[in-house]
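A quick write-up on the structure given underneath.
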Amino acid sequence: MTLQCRYPTKRAFRTREEARQGAALIRQRVEEQGGWYNPLYPYRCPAVHGEKHWHLSRSRQGTKTCRSCGERRPAWFDSRRQEWVVYAHENCATQAVSA
Ligand SMILES: [Zn+2]
Ligand SMILES: [Zn+2]
């Protein structure tokens, strides 16, 4: 199974730190314009091909046990369904992606 970047339209950051700085910048811009900033959480893209990179998500990020293979894997919180969703990963059937 090959996992490509699922979020080609999202901005990619080379490190988690850069993603944090990117989020801080967005916050600054939104607040300067008098807007309401919704928190953005950095997460490592589940793609296994190409360079490692991070994106920003409006969903909380964490680690949960995959229901398919039983391994601890990065996950995001689906606030609509009120449950954690494990990101797609290699050698596993789950294909879940972040909103
Ligand atoms: Zn990506
Ligand atoms: Zn799995």
Check your understanding: Is it the case that segment 12-31 has a residue that's aromatic (Phe, Trp, Tyr) and either at pLDDT below 90 or over 13 Å from the mean Cα position of the chain (by Cα) (or both)?
Key -> no
Check your understanding: Glu51 fails exactly one of the following numbered conditions: (1) within 15 Å of the chain's Cα centre (by Cα); (2) within 16 Å of ligand 1 (Cβ to nearest atom). What is the number of that condition?
Key -> (1)
Check your understanding: Within segment 13-20, is even one residue under 23 Å from Cys92 (Cα atoms), out of contact with any Pro (no Cβ under 9 Å at 6 or more places or on another chain) and away from ligand 2 (no atom under 16 Å from the Cβ)?
Key -> no
Point to revise | First in segment 33-50 and farther than 23 Å from Val86 by Cβ, second anywhere and away from ligand 2 (no atom under 16 Å from the Cβ) and among the aliphatic types (A, V, I, L, M), Cβ under 6 Å, 6 or more apart | key: Tyr37/Val30
Practice item. Starting from residues that are more than 20 Å from Gln4 (Cβ to Cβ) and within 16 Å of ligand 2 (Cβ to nearest atom), keep the ones in segment 28-65 and report whichever is surrounded by the fewest Cβ atoms within 10 Å (Cβ to Cβ). Key: Thr63
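The values are calculated or read from the model by the stated rules, or taken from the named source; none is laboratory data. Nothing here was measured: the structure is a model prediction, and the numbers come from that model. With ideal geometry, Cβ positions are generated from the backbone for all residues, glycine too; neighbour counts draw on all protein chains shown.
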